[in-house]
1. Note down the relative contact order for the chain as a percent, whole number, built from C-alpha pairs under 8 angstrom at least six residues apart.
2. Which order do the peptides 268-281, 251-264 come out in when sorted by mean C-beta neighbours inside 10 angstrom, highest first?
3. Okay, helix-only estimate at 222 nm for the chain: each DSSP H run of n ≥ 4 adds -39500 (n - 2.57), divide by all residues, round to 500 deg cm²/dmol; what do you get?
4. What would the Debye equation give as log₁₀ I(q)/I(0) for region 236-321 at q = 0.13, 0.14 Å⁻¹, counting only Cα atoms as equal point scatterers?
5. When ranked by the protection proxy of mean other Cβ atoms within 10 Å per residue, highest first, what sequence do the peptides 107-119, 186-198 form?
6. Quick one: work out the % antiparallel among DSSP beta bridges in the chain, nearest 5.
7. If you place +1 on the Cβ of every Lys and Arg, -1 on the Cβ of every Asp and Glu, and leave all else neutral, what size is the dipole of the chain about its Cα centre, to the nearest 20 Debye?
8. Just to confirm the number: angle between the C-alpha axis of helix 2-13 and the first principal axis of the chain, 0 to 90 degrees, nearest 10?
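We did not get these values from a lab; they are worked out from the coordinates using the rules stated. Since we're looking at a predicted model, the values are computed, not measured. Please note: Cβ atoms are built from the backbone with ideal geometry, for glycine as well, and neighbour counts cover all protein chains shown.
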Amino acid sequence: MGKLFSLFGLLIVIFTLVFVPAGAADEEKIHIDVLILPKFEVNDIQGDFPGEAQYYYENYLAGGEEYDIFGGLDNHKLYVKDGIALYLTGMGKLNAAIGTIAVLSDERFDFSDAYVLSTGCGGTAIEYGVMGDVFVITSIVDFDLGHHADSREMEDPSARTTWFHDSGYDGSAYVMLDADLVNRVYDLVKDVRIETTDVTRDFMAAAFENAEWAVRDPKVLRGTTVTSDNYWKGIYQHQNALKMIEEYGCPDPFAITEMEEIGIGMAMNRLNKLDRLIIIRDSVNMDVFMLGQTPESLWDHEYHVTLGSENNVEAADIFATAQKNNFAVGSVIIQAILDGTL
């Protein structure tokens, strides 16, 4: 645990004390109202099949300024226009944490009262979400901290959970978002109309035998996100996630799993900006194997996902629609920030 605390502390020192862009001290800082943090783009950032950033870039940042960020990923720019900024953090907890600190510590910009809108996709928890849902996140759990066992070494090899809580990690294992801000955001967007597709409806019905929870229309919900650097799937890991959320006392159910938010949450906490963090995640797949999938069939060879295919074995054809859903929710939040009504 000490190493983890040291890592975040070192990152903050590096980005706040070591690097000041040339001339920054002599220039008026660029004021930012909202920083949007998607994680990846599929190809180009505009004009083609959408990843997590494209709709936000096309509607808010196209034609704006571009800035290199010290400590950021190669060729990842900070896009800025009219008080709105967007930065692709890259995938994984470390990229997300380092990128967040790097951007917010850049002395060329004034983030003093900016909101951070972290946005992306993920895998939905069965029996709570459906593909196409958008979740307003109320808490974040780190899936990787604690103790994980292999079921073959358990006293009971058939045990439903293989994760053990270690309170020594609690300072870094979960983040509770600002309840007042989350409540305001959810009230603002809970009735936003979002969409699905016929292919996705049929996929969900077949995968879960027409279960009532699986065939409902997608909607905006509150929930807890579980972050892991490991792209996991399966009912046993699902049970582990449920156990974590119970152990940590999260206020809302397990909704979605992804690979970045605990890094962003911890970075915002260390920078004393947690009360400015908003997270929305859209669902593009489920957290269990479906329709005869196995770990071997998905991952035993080079893992390649064609997100635009209607025959995607994990996502059907929901990906592009889910990105539209995310933007439908996110754009309402951004407008409220710009209007000063959030």
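1. The normalised contact order for the chain reaches 24 percent.
2. Details: 268-281: 20.2, 251-264: 24.9.
The most tightly packed comes first, giving 251-264, 268-281.
3. Calculated from helices alone, the mean residue ellipticity at 222 nm is -9000 deg cm²/dmol.
4. So the normalised log intensities are -0.62, -0.71.
5. Descending mean neighbour count gives 107-119, 186-198.
6. Roughly 40 percent of the DSSP beta bridges within the chain come out antiparallel.
7. 480 debye
8. Approximately 30 degrees, to the nearest 10.
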